[in-house]
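The values are calculated or read from the model by the stated rules, or taken from the named source; none is laboratory data. Everything numeric here is computed off the predicted structure, so don't read it as measured data. Positions of Cβ are backbone-derived with ideal geometry, glycine not excepted, and every protein chain shown enters the neighbour counts. We work out accessible area using only protein heavy atoms, side chains counted, and drop any ligands, DNA or RNA first. Shrake-Rupley method; radii C 1.70, N 1.55, O 1.52, S 1.80 Å.
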Amino acid sequence: DQQVKQNSPSLSVQEGRISILNCDYTNSMFDYFLWYKKYPAEGPTFLISISSIKDKNEDGRFTVFLNKSAKHLSLHIVPSQPGDSAVYFCAASASSDYKLSFGAGTTVTVRA
Amino acid sequence: GAVVSQHPSRVICKSGTSVKIECRSLDFQATTMFWYRQFPKQSLMLMATSNEGSKATYEQGVEKDKFLINHASLTLSTLTVTSAHPEDSSFYICSARGAGRGSTDTQYFGPGTRLTVL
């Protein structure tokens with residue numbers, strides 16, 4: 001049972017434009033959400049996170065928005081750069097056990 | 001961010017042998033470490049959770065006698081794949097969370113270990 005869903009398997013965006021990645025979850029116990037970036041044959045790299053008490057968190061070019069009522073979060077990358085091309089995973093956890101549930105990932109390709 | 005290392009990065013072994021993978025948190029104390037497995041073009045699947053000094057908790061469907069986990073210290077956890085078979089070939093990744101770096105809710109991942117069983 002997939003508790004975290006990323007419905008877009010891929011996203012292509014032009015360099016300099018905004019990349020918007022979406023993520024939906026079903027478990028109302030999730031209270032901490034993270035985005036990771038991953039290259040093939042490497043471990044995920046932590047990008048940004050947000051607690052359920054917030055609706056927005058910003059770190060440089062990365063901003064995560066959380067809509068608890070809709071059980072939806074998104075990652076905005078602006079401006080997009082060629083080095084941003086990778087697979088992005090959305091993950092969620094509950095403070096009861098800290099286990100991460102991952103989405104299927106979205107492959108982002110930034111075109112020059 | 002916090003640094004987590006894994007060793008070895010790649011291992012090839014014969015069917016029936018055992019393989020040990022180490023996961024270390026280099027600049028923080030990991031109260032909890034997690035072991036994941038990733039199949040090609042799929043997401044990460046949690047295998048087990050280990051807390052320092054206690055037995056690991058395995059996810060449903062993961063054989064605890066097959067995948068032995070030891071979390072002997074706050075900076076080291078090991079995963080031993082016992083009597084490995086070709087179907088155990090996969091990409092194994094560890095993560096750690098704990099005090100000292102960022103939020104204790106954030107898991108930091110190692111670079112992964114590619115296991116190939118012939």
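The Cα-based radius of gyration and maximum Cα-Cα distance (Dmax) for chain A are 13.3, 44 Å. For region B:1-42, heavy-atom accessible area (probe 1.4 Å) falls by no less than 20 Å² from the chain alone to the full protein assembly at B:34, B:36, B:38.
Dividing the mean sequence gap of close Cα pairs (under 8 Å, 6+ apart) by how many residues chain A holds gives a relative contact order of 37 percent. May I ask which of B:14/B:64; A:54/B:55; A:56/B:20; B:14/B:55; A:71/B:55; A:68/B:64 have a Cα-Cα span longer than 30 Å here? Going by Cα-Cα distance, A:54/B:55; A:56/B:20; A:71/B:55; A:68/B:64 fall outside the 30 Å limit. Counting only protein heavy atoms and a 1.4 Å probe, chain A has 48 square angstrom of accessible area per residue. On full extension, the segment bounded by residue B:45 and residue B:73 gains 7.7 nm, given 0.36 nm per residue less the C-alpha separation. Full extension of the chain between residue B:27 and residue B:114 yields a length gain of 28.9 nm, computed as 0.36 nm times the residue separation minus the alpha carbon distance. Legend: Rg and Dmax of region B:5-118, from Cα coordinates, 13.4, 41 Å. For the protein assembly as shown, the fraction of C-alpha pairs more than 24 angstrom apart is 44%.
Charges were assigned to the Cβ only: +1 to each Lys and Arg, -1 to each Asp and Glu. The resulting dipole of chain B about its Cα centre is roughly 220 debye. Sequentially through region B:75-89, phi angles give Karplus couplings (6.51, -1.76, 1.60; θ = phi - 60°) of 10, 9, 10, 10, 10, 10, 8, 8, 6, 5, 10, x, 6, 7, 4 Hz, Gly and Pro residues having no value and appearing as x.
Counting only protein heavy atoms and using a 1.4 Å probe, the accessible area of residue B:17 comes to about 50 Å². Taking amide H as placed 1.01 Å from N in the peptide plane, the amide H of residue A:95 sits under 5 Å from that of A:31, each at least 5 places away or on another chain. Figure note: B:24, A:17, B:10 ranked by solvent-accessible area, largest first, 1.4 Å probe, ligands and nucleic acids not counted: B:10, A:17, B:24.
Within chain B, B:13 have no other Cys Cβ under 4.7 Å of their Cβ and so lack a disulfide-compatible partner by this rule. In this simple spin-label approximation, residue A:59 and residue B:85 carry label points 7 Å from Cα along the Cα→Cβ vector, and these lie 4.1 nm apart.
Simple point charges give the picture: +1 on the Cβ of Lys and Arg, -1 on the Cβ of Asp and Glu, and for chain A a dipole about the Cα centre of about 160 debye.
Buried surface for the B/A pair, taken as the accessible area of each chain alone minus that of the pair with a 1.4 Å probe, is close to 1500 Å² in total. Solvent-accessible surface of chain B, averaged per residue with a 1.4 angstrom probe and all protein chains in place: 48 square angstrom. In a simple Cβ point-charge model (Lys, Arg +1; Asp, Glu -1; nothing else charged), the protein assembly as shown has a dipole of about 300 debye relative to its Cα centre. Remark: mean inter-chain Cβ contacts per residue of A:31-41 equal 3, using a 10 Å Cβ-Cβ cutoff to other protein chain atoms. On full extension, the segment bounded by residue A:78 and residue A:95 gains 3.1 nm, given 0.36 nm per residue less the C-alpha separation. In this structure residue B:46 has an accessible area near 30 Å², from a 1.4 Å probe over the protein heavy atoms. Add +1 for every Lys or Arg and -1 for every Asp or Glu among the other residues with Cβ under 13 Å from the Cβ of residue B:85, and state the total. Computed value for this residue: -1.
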